[in-house]
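Beneath this line is the structure, given in structure tokens, with notes to follow.
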Amino acid sequence: MERSFKKEVTALRLGKGQVFHGEGILAVAKALLQSGVSYISGYQGAPVSHLLDVLGDASDILGELGVHFEAAANEAGAAAMLAASIHYPLRGAVIWKSIAGTNVAADALSNVTSAGVKGGALIILGEDYGEGASIVQERSHAIAMKSQIWLLDPRPDLPTIVNMVEKGFQLSEASNTPVMLELRIRACHLHGSFECKDNLRPKFSRKQHVKQAAFNFGAIPLAPSIYAQEKHKVEERMPAALKFIREHRLNEFFDGELREVGIVLQGGLYNTVIRALQEVGLADAFGVSPIPLYVLNVTYPLVADELTRFCSGKRAVLVVEEGQPGFIEEAINAILRRADLNDTYLIGKEVLPVAGEYTGAAVLHGVAHFLQLCVPDGVDHQRVSRARDDMTRRQNQAPSLLSEPVPARPPGFCVGCPERPVFSALKLLQKDIGKIHISADIGCHTFSTLAPFSMGSTVVGYGLGLSSSAGVAPMFERRVVSIMGDGGFWHQGLTTGIANAVFRGDDGVLLIMKNGYAAATGAQQIASTPANGASGAAAIDMQAVLRAVGVSWLRSVRSYEVGHLTATLREALDTPYNGLKVIIAEGECQLERQRRVRVEDALKLASKERTVRLRSGIDEDLCTGDRSCIRLSGCPSLTLKENPDPLRADPVTTINDSCVGCDTCGEVAQAATLCPSFYQAKVICNGSRIEHLLDRVRRAVIGRLQSKSSRGAL
């Protein structure tokens with residue numbers, strides 16, 4: 001994994017009265033154990049990947065409690081595990097990345113929600129919306145409304161988050177309905193403290209088994225049960241949920257003396273709103289504000305009587321709801337009109353951005369605009385205007401204060417990434433045969449859509465690269481190429497794309513990036529992860545699986561061998577064979593490899609054992625300054641420096657200290673027949689006597705061949 005939590009997970013053993021200090025995701029894990037959870041599953045994805053890593057590192061603690069933890073093959077598999085809570089009093093939690101994961105899990109979620117649950121079922125979502133997001137900009141709110149899953153958006157401080165996890169299970173059981181709890185990236189990684197409770201052993205677990213199986217046709221998604229389930233949602237589950245939310249005060253009221261105005265806000269935006277109020281002089285250092293606040297720790301369903309009580313007697317209320325559509329704002333408008341509160345003017349998207357993340361600046365502008373519109377008594381309106389104008393001025397001055405534009409830093413492949421040379425090979429091939437339609441996929445390889453490669457016409461879903469070619473491939477004279485990572489392969493690519501393509505007899509080319517991990521989400525292990533690094537055998541042989549589903553044209557190429565890879569791609573595009581052609585580009589994720597190799601080398605050095613480290617280099621005398629190596633590989637370790645030759649003004653290409661010796665630049669240069677300036681050197685520590693002797697001989701020979709000036713420079 002990207003980060004180890006072996007040390008931090010010891011905090012999960014804390015008991016009643018002890019104080020937890022740490023990160024948000026660790027607090028959520030502790031809250032799950034305090035709630036007596038029986039089983040946990042999920043699929044990695046920002047910003048909750050680390051929660052799965054924490055649970056993996058806490059396997060000993062989970063085992064002691066009898067908690068079953070299983071990383072699922074995809075989000076649908078995780079959601080299906082919630083079926084355990086339909087008939088039995090088993091508390092279960094599943095984890096995934098916001099709308100991307102919820103879309104994949106939607107089928108299972110609809111059926112679990114329709115059937116209803118007996119044991120508490122909690123879905124923890126990493127709400128990946130806004131400037132730091134890595135996916136399409138959609139919210140989970142619509143799914144919650146569609147399937148009638150209650151949605152929690154806790155105020156971002158650890159006691160509130162922990163309380164909402166525990167109350168989420170109780171709410172689920174009180175209303176027989178799964179509950180979603182969304183955590184924005186800042187909530188996942190904020191630090192704080194809370195007073196712990198003892199971990200609860202679940203009533204039923206791996207150590208305390210269920211004795212009697214249950215069956216109830218009313219929980220099966222068939223007619224006529226489905227009609228009764230829908231009626232039960234409306235007539236019993238929703239009222240039970242509203243009663244629980246009201247009685248347990250899950251939403252929070254913060255009173256203030258400026259009673260003619262108020263702010264209704266999503267719980268996750270509380271800190272941002274308080275900071276904006278502090279900027280305009282309407283909140284102190286402890287967050288106490290004279291403006292009344294109604295904090296929605298539960299954003300669906302809304303409690304109508306709480307809203308009407310809060311809004312009653314107020315001239316204007318600001319609704320702070322991030323993203324679009326404005327589900328909450330529209331619902332509050334309807335609630336107020338039904339309650340005949342027509343004197344309360346509701347303001348929301350008129351003063352706040354319609355879409356996008358509600359940053360500190362955006363909320364400050366919105367709050368200031370709201371106060372200027374409703375002009376409440378007791379507010380220093382000049383200070384409000386100054387704060388807004390100061391923020392605008394700082395934003396406008398930013399470019400001039402920097403003196404020059406900030407260099408663009410788009411995301412890209414890591415140094416030594418095994419997927420970089422694959423796209424270098426495709427680029428070389430397209431120089432000869434022209435443009436190819438390439439259906440891209442989600443994963444590290446999505447960076448191929450950026451410079452210097454700029455290839456990949458569509459990205460429509462994880463593991464769907466081949467499926468997305470099905471409609472466009474028949475329209476092209478030349479075969480199209482589809483991309484898929486091994487993470488996407490096991491997620492849904494095997495069944496959704498490959499099996500279907502073989503069944504239909506599609507004549508396409510599939511390029512599978514086999515780096516051994518779900519690398520883009522932190523290098524979590526998958527079915528094809530080697531048992532002992534690059535040398536170990538995988539749990540499941542990918543080639544055997546491909547042959548089993550009927551793939552007969554199959555090639556496996558080391559991804560760093562650019563020339564061989566280019567030739568194999570050309571063969572796949574030109575072969576008379578009519579059917580799916582699969583090329584597996586094999587190369588272990590370089591980040592994961594370096595984490596392993598550096599530890600191994602450090603241990604060897606400590607015990608005076610021999611180690612070998614590869615470094616690539618460029619002969620400055622031979623470098624022509626063509627820069628094709630940079631254009632074709634884009635490796636961050638390739639850069640420029642001043643030419644040492646006084647007769648040549650152009651800078652030369654050089655390789656900096658970040659190089660990991662993958663030799664992609666040299667391979668690309670050789671495959672493109674560019675220049676002979678690249679070389680690869682071995683850095684040997686604790687070498688043998690023969691190696692030391694050879695080194696002295698080489699130095700002596702090279703010294704004889706060098707000129708006196710060169711020897712002096714050295």
Carbon and sulfur %, accessible surface of the chain computed with the full protein complex present, 1.4 Å: 54
Whole-number percent relative contact order across the chain, with pairs defined as alpha carbons under 8 Å at least 6 apart: 10
Ellipsoid equivalent to region 519-619 - semi-axes via the Cα gyration tensor, in Å: 33, 20, 11
Region 444-486: C-alpha pair distances exceeding 17 Å, %: 33
Cut-off 10 Å between beta-carbons: net charge of the residues surrounding MET180, Lys and Arg +1, Asp and Glu -1: -3
For the chain, calculated [θ]222 nm from helices alone, where every DSSP H run of n ≥ 4 adds -39500 (n - 2.57): -11000 deg cm²/dmol
Cα point-scatterer Debye curve for the chain, base-10 log of I(q)/I(0) at q = 0.06, 0.07 Å⁻¹: -0.46, -0.61
Å² of accessible area per residue within the chain, as computed with a 1.4 Å probe and no ligands counted: 46
Separation between Cα centres of region 1-80 and region 618-681, rounded to whole Å: 46
Debye, to nearest 20: dipole size of the chain, +1 on Lys, Arg Cβ, -1 on Asp, Glu Cβ: 1840
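In the structure displayed, which of LYS97/LYS167; LYS146/LYS233; LYS146/LYS231; LYS118/LYS231 lie more than 20 Å apart, Cα to Cα?
Working: LYS97/LYS167 22 Å; LYS146/LYS233 12 Å; LYS146/LYS231 15 Å; LYS118/LYS231 17 Å.
From LYS97/LYS167; LYS146/LYS233; LYS146/LYS231; LYS118/LYS231, over 20 Å: LYS97/LYS167.
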Helix axis angle, 590-606 relative to the chain longest principal axis, alpha carbon, degrees: 70
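Starting from the Kirkwood Rh over alpha-carbon pairs, what translational D in µm² s⁻¹ does region 285-390 have by Stokes-Einstein at 4 °C and 1.567 mPa s?
Details: Rh = 14.8 Å.
The estimated diffusion coefficient comes to 87 µm²/s.
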Cα radius of gyration and Dmax for region 607-707 (Å): 15.9, 49
Convex hull of region 90-174 built on C-alpha atoms - directionally averaged projected area, nm²: 5.8
Nearest 10 degrees, 0 to 90: helix 381-401 Cα axis against the chain principal axis: 10
0 to 90° range, to nearest 10: angle between helix 98-115 axis and the chain longest Cα axis: 50
Hull volume in cubic angstrom per residue (convex hull over the Cα atoms of region 598-656): 116
Lysines whose Cα lies under 19 Å from that of LYS6, excluding same-chain neighbours fewer than 8 positions away: LYS30
For region 319-473, convex hull volume per residue from C-alpha positions, Å³: 196
If the convex hull is drawn through the Cα atoms of region 180-294, its volume per residue in Å³: 217
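The values are calculated or read from the model by the stated rules, or taken from the named source; none is laboratory data. As the structure is a prediction and not an experimental result, all values here were calculated from the model. Glycine gets a Cβ as well: all are built from the backbone with ideal geometry, and neighbour counts include every protein chain shown. Each accessible area value is taken on the protein alone, full model and side chains, heavy atoms only, with ligands, DNA and RNA left out. Shrake-Rupley method; radii C 1.70, N 1.55, O 1.52, S 1.80 Å.
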